């Protein structure tokens, strides 16, 4: 009597390991007053460029910034949030 072991590959997409980080992921500029509320409550914020999303992570120094957000931010008068 011989015993064979068959390798089985799970093809169900809901169980596949997905890496949510993207190589081209950028961070956006949003109002400071909305960041904590979004992070805690899951509310969506609106970035300067118009993107809407819930805050799920904080940028690290040197993280890439949305080109449109950066241009808009730099054109704003200084001293405003």
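Anything in region 35-44 that is surrounded by 15 or more Cβ atoms within 10 Å (Cβ to Cβ) and either touching a strand residue (DSSP E or B) at 6+ places or on another chain (Cβ under 7 Å) or without any contact (Cβ under 8 Å) to a residue 12 or more places away in the chain (or both)? List them, or say none. Listed by number, the list holds a single entry, 38. Filtering region 51-81 to residues that are touching a helix residue (DSSP H, G or I) at 6+ places or on another chain (Cβ under 9 Å), surrounded by fewer than 14 Cβ atoms within 10 Å (Cβ to Cβ), in contact (Cβ under 8 Å) with a residue 12 or more places away in the chain and part of a loop (DSSP other than H, G, I, E, B) leaves 56, 81.
Residues considered: 25, 14. Of these, the only one that is assigned to a helix (DSSP H, G or I), out of contact with any strand residue (DSSP E or B) (no Cβ under 7 Å at 6 or more places or on another chain) and either at pLDDT below 60 or surrounded by 10 or more Cβ atoms within 10 Å (Cβ to Cβ) (or both) is 14.
The values are calculated or read from the model by the stated rules, or taken from the named source; none is laboratory data. Bear in mind that the values here come from a model prediction, so they are computed numbers and not experimental data. As a convention, Cβ positions derive from the backbone with ideal geometry for all residues, glycine included, and neighbour counts pool all protein chains shown.
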